[in-house]
Amino acid sequence: MSETSDQTIAAARAAYERITGAHYDAGYMLRRRRSAGAKRLGRRLARIAIADAAILIAATVTLAVWPPDAPVAPERLRQADIRALPTQTARWLDAQRLALPAPAVSIADRIGVRLDTLGAQLAAIHEETPATAEIRRLVGEQLPEFVRDYQRVPRELRATPRNGKTPDRQLVEGLELIEREIGQMSEELAQGDLDSLATRGRYLEIKYRGDGGAA
């Protein structure tokens, strides 16, 4: 820029100051733009915070009105649709974890996996058969009843031997048997051997009656 141009700009600034009585600040416009930008950012962040709070409140209200699916009561498992029974029993068993001794928890987890597989297989079944009746008896009746028998034993007696075994040990062995039986049922469903499945279910019923339960 030439010296003449600088002088012209300086003269214009001086005239502006004489007319307005204000002092020209070269950084004023920059500070003003920064201030406006900060205000816009603040308003934007405030809107985001309000939106987040609204989402949180809506989620809380939704959960209060429509809580997550609760485990089905054992009394209702035996009337459940056979296609939904494995999933509902698995959900119920998962809710019992805190009431089980540590060795039984891992077995309960394995039973849950078995039930997931069984549920997928039963999804294609549209009517009750003698074989599905055995599945219902094992999954919807014997399994929850066996666990509840154990839970009714006072805690201070669960580690006390009775007839050579503690209730804790009876529970573990019973759950291991149930896991194996569910696995065999899945294999036999895959093979279409429903008659063998019914026979195995009857064997399990005799086995439980012979053991007299966990209590």
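A few points about this structure:
- Residues in the range 154-173 that are more than 27 Å from R202 (Cβ to Cβ) and in contact (Cβ under 8 Å) with a residue 60 or more places away in the chain: D168 only.
Each row is one residue, and each column tells you yes or no for (1) touching a helix residue (DSSP H, G or I) at 6+ places or on another chain (Cβ under 7 Å); (2) closer than 25 Å to P103 by Cβ; (3) crowded, with 19+ Cβ neighbours inside 10 Å.
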residue	(1), (2), (3)
A120	no, no, no
I125	yes, no, no
E128	no, no, no
G140	yes, yes, yes
E145	no, yes, no
P154	no, yes, no
A159	yes, yes, no
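- Among the residues listed as R148, R114, R180, R202, the single one being over 24 Å from P71 (Cα atoms) and basic (K, R): R202
Values quoted throughout were computed directly from the atomic coordinates according to the rules given, and no laboratory measurement underlies them. Computed from a prediction, not measured in an experiment: that's the story for all the values here. Note that we place each Cβ from the backbone using ideal geometry, even for glycine, and neighbour counts take in every protein chain shown.
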